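**Q** The structure's right below; bear with me while I get my questions together.
The values are calculated or read from the model by the stated rules, or taken from the named source; none is laboratory data. Just so it is clear, the structure is predicted and the values come from calculations on it, not from any experiment. Counting neighbours? That spans all protein chains shown, and the Cβs are built from the backbone with ideal geometry, glycine included.
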Amino acid sequence: MEFLRPATLAEALALKAERPGAVPIAGGTDVMVELNFDHRRPEALLDLTRVGELTEWSTVEDGTVRLGAGVPYSRVITELGESVPALAMASRTVGSPQIRNRGTVGGNLGAASPAGDTHPVLLALDARIEVASVRGTRLLAAEEFYVGVKRHALEPDELITAVHLPAHAGPQQFAKVGTRNAMVIAVCSFALALRNGQVGAAIGSAAPTPRRARAAEEFLAAELPWGSSEALPDSLKRRFGDLVAEATSPIDDVRGSAAYRKHALGVLARRTLTWAWDEHRTGERACA
Ligand SMILES: Cc1cc2nc3c(=O)[nH]c(=O)nc-3n(C[C@H](O)[C@H](O)[C@H](O)COP(=O)(O)OP(=O)(O)OC[C@H]3O[C@@H](n4cnc5c(N)ncnc54)[C@H](O)[C@@H]3O)c2cc1C
């Protein structure tokens, strides 16, 4: 197996164009598991760790954060907790410190597992995924990115270069059910964002792809008493939870049954709504 080591993004894209079968490797926390278990044996690995352009983030003009695909979770937690809190919350739940030091949002997207923790956040925040090749750069809505179980919308010569997220975009929450707090793939997960009268709500590990709960979003956007500082009635939270549960199409597997996932997502939806609404009405964030 060849090990290709580009030093710049231009070199990485040229190599990917020449060798579309080369498998990108960033933190390696998914790729190395696959190689160690002999699940795949690619002709070449394309090591992205020396490509500086992928390991930076910046705030661009309209208040959007452009997060390089190769920024590890540990930096998302320490550097983006204020501007993109839900992504930092999700990052805190990934694996162990070692995994968070190596693993990246770009790698989570590349793996495109329905259980990946960043996906519900990217969907709820209307993130855009920046992908590039020698042919140019394009921005995909997060919703267009996930096309099937562990399948994404990248062309064979493309790399994920960054994720664009709104900064300081209002109350947002992420919550996950797992058997313990570390080293655990989600049984199910949920992200919620309340933004100027709009609602983003998305589920993980409860359908073939991460997905938005559209009917729940529309219900909440219409029914939330946006100008009020009152707590929300239980009936509204319950209806929201029911609509989120209805948006799922989970399976039974080793981590949990379909029925449990549906139930748990209703609970996570109600809980995160309580926390996000409390932040909306008091200005104080409850941290999941
Ligand atoms: C012990 C353990 C615990 C874990 N816990 C969690 C968890 O709690 N939550 C969770 O979501 N995940 C978890 N994971 C999975 C993994 O850590 C994450 O998916 C992580 O985000 C992968 O990032 P990476 O940089 O290591 O990706 P890599 O392993 O380097 O790559 C992953 C995939 O993305 C592709 N890729 C990487 N970068 C790019 C790029 N720039 N462009 C195109 N394709 C690219 C690779 O080819 C590969 O297919 C865990 C893994 C382990 C081993």
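**Q** From the list P156, P114, which residue is over 16 Å from I185 (Cα atoms) and assigned to a loop (DSSP other than H, G, I, E, B)?
**A** None of the others qualify; the one that does is P156.
**Q** Being modelled with pLDDT under 95, crowded, with 18+ Cβ neighbours inside 10 Å and farther than 15 Å from A191 by Cβ is the requirement here; does G283 meet it?
**A** No.
**Q** Looking at T49, T78, which one is under 20 Å from N108 (Cα atoms), surrounded by 14 or more Cβ atoms within 10 Å (Cβ to Cβ) and either in contact with a Phe, Trp or Tyr (Cβ under 7 Å, 6 or more places away or on another chain) or not assigned by TED's automatic domain parsing to the domain that holds F190 (or both)?
**A** The unique qualifying residue is T49.
**Q** Go over the candidates A10, A90 one by one and state the one that is touching a residue at least 24 places away in the same chain (Cβ under 8 Å), small (G, A, S) and at negative phi.
**A** None of the other options fit; the residue is A90.
**Q** Right, another one. Any chance the range 123-134 includes a residue that's closer than 15 Å to I203 by Cβ, in the same structural domain as S74 (by TED's automatic domain parsing), out of contact with any Lys or Arg (no Cβ under 7 Å at 6 or more places or on another chain) and surrounded by 23 or more Cβ atoms within 10 Å (Cβ to Cβ)?
**A** Yes, because at least one residue in the range 123-134 is closer than 15 Å to I203 by Cβ, in the same structural domain as S74 (by TED's automatic domain parsing), out of contact with any Lys or Arg (no Cβ under 7 Å at 6 or more places or on another chain) and surrounded by 23 or more Cβ atoms within 10 Å (Cβ to Cβ).
**Q** When you look at V121, is it aliphatic (A, V, I, L, M), in a strand (DSSP E or B), in contact with a Leu (Cβ under 6 Å, 6 or more places away or on another chain) and closer than 18 Å to G63 by Cα, yes or no?
**A** no
**Q** Show me the strands (runs of 3 or more DSSP E) found entirely inside the range 28-109 where at least 1 residues are more than 14 Å from the ligand (Cβ to nearest atom).
**A** Result: 57-60, 64-68.
**Q** Give A7, A14, A44, A22 a once-over and let me know the one that is in contact with a Leu (Cβ under 9 Å, 6 or more places away or on another chain), surrounded by fewer than 17 Cβ atoms within 10 Å (Cβ to Cβ) and more than 30 Å from T179 (Cα to Cα).
**A** Just one listed residue meets the conditions, A44.
**Q** Can you tell me which condition L9 does not meet? The list is (1) within 12 Å of the ligand (Cβ to nearest atom); (2) out of contact with any Ser or Thr (no Cβ under 9 Å at 6 or more places or on another chain); (3) not β-branched (V, I, T), and all the others hold.
**A** For L9, the failing item is (2).
**Q** Would you mention how many residues in the range 124-137 are small (G, A, S) and part of a strand (DSSP E or B)?
**A** Residues that pass the stated criteria total 3.
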